[in-house]
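What follows is calculated from the coordinates using simple rules that are stated; it is not laboratory data. This is a predicted model, so every value here is computed, not measured. No Cβ is skipped: glycine too gets one built from the backbone with ideal geometry, and neighbour counts run over all protein chains shown.
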Amino acid sequence: MELFLDSSNPKEILEARSWGLISGVTTNPGLISAAGPDMEKTLRGIVDASPGPVLVQVIGWHDPDPMIRQARWLHAFSDRIIVKLPASIEGIQALQHLKREAPDLRLAVTAIASIAQAFLAAKAGADVAAIFNGPLDQAEDTAHDMIAPVRKIYSNYGFTTKILACGRYPRLFGEVAAAGADICTMRMEFMRLLYEHSFTEQRMNAFLKSWHAVFGDRTWPELP
């Protein structure tokens, strides 16, 4: 499973990238808006900072024509961009039109909140299905296990669409990984939690206390 960072902040992206494990970046209109009024500068900064693909969402969801035109512009902006289209009738129409026009364009369907929407996205030819299991789980305080049944449906019908899960907290991250998600994206504060655990900190501090009691500040010899 690939790890993506959900961010519009180049410094944040570069920090997460320095940890060595993220493969790409996801954004949304809220994140882009929070970065300031120069949308193209923001997008360039994200693309330049990302180690791989960047998922960028079109604006609007009730008219396919402007979504199609935005998708063309975004793909022209960078071939690393995967355009996100909404999980709606018009979004699926835009996806099918773009795939007929240019089959190699990479397209995602986003804000998927049901198994039916995930099926429709794959049947329409989406490269990625962005399933909002994390936000649903957080908002309703109950587990939304959509990844496993969608994985089975995609396998049953030979769909090659990748499943992107939106992670919240280590528990949900483990669940979507076990269920077979291809990508998990999460904000920086949640990604940090993957690396941290109170028991790990407790044991490391105990180890160092024992070591310092005997050896002080000495360590093993180091090679340059």
Inset, instruction - Treating the angle as unsigned and between 0 and 90°, give the value, to the nearest 10°, between the Cα long axis of helix 198-215 and the longest Cα principal axis of the chain. - result: 30 degrees
Legend entry - Phi to ³J(HN,Hα) by Karplus 6.51 cos²θ - 1.76 cosθ + 1.60 over the stretch 168-178, Hz, x for Gly, Pro: 9, 6, x, 4, 5, 4, x, 5, 6, 5, 5
Legend entry - Per-residue HN-Hα couplings for the stretch 58-66 [Karplus 6.51, -1.76, 1.60; θ = phi - 60°; Hz; x = Gly/Pro]: 5, 9, x, 7, 10, 9, x, 4, x
Legend entry - Degrees separating the helix 147-157 axis from the principal Cα axis of the chain, which is the longest one: 50 degrees
Legend entry - Cut-off under 5 Å, modelled amide H: who pairs with E2 long-range: I183, C184
Inset, instruction - Give the Rg (one decimal place) followed by the Dmax (whole number) of the stretch 2-215, computed from C-alpha coordinates and expressed in Å. - result: 19.0, 72
Legend entry - Cα-based Lys proximity count in the chain, under 26 Å, for pairs eight or more positions apart or on separate chains: 13
Legend entry - Euclidean distance between Cα centres, the stretch 32-71 to the stretch 190-224, Å: 42 Å
Inset, instruction - Could you state, as a whole-number percent, how many of the C-alpha pairs of the stretch 1-85 are farther apart than 16 Å? - result: 50 percent
Legend entry - Fluctuation leader among R151, R203, R100 - the chain, Gaussian network, Cα springs under 10 angstrom: R203
Legend entry - Residue list for the stretch 83-114, given a label point 7 angstrom along the Cα-to-Cβ vector of T160 and an amide N cut-off under 16 Å: 99-100, 102-108
Inset, instruction - Quickly work out the M1-to-S210 label distance, labels modelled 7 Å from Cα along the C-beta direction, and quote it in nm with one decimal. - result: 3.3 nm
Legend entry - From phi via Karplus (6.51, -1.76, 1.60), per-residue ³J(HN,Hα) for the stretch 91-105 in Hz, x at Gly/Pro: x, 5, 4, 4, 4, 5, 4, 5, 5, 5, 6, 8, x, 7, 4
Legend entry - Pairwise label distance in nanometres, I153 with S78, each label 7 Å out on the Cα-Cβ vector: 3.1 nm
Legend entry - For I82, residues with placed amide H under 5 Å, excluding near neighbours: V54, L55, V56
Inset, instruction - List every residue whose amide H lies under 5 Å from the amide H of G24, counting only residues 5 or more places away in sequence or on a different chain, with H placed 1.01 Å from N in the peptide plane. - result: L5
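Provide the FRET efficiency to the nearest 0.05 for the H197-H62 pair, computing r from the beta carbons and using R0 = 45 Å.
0.50
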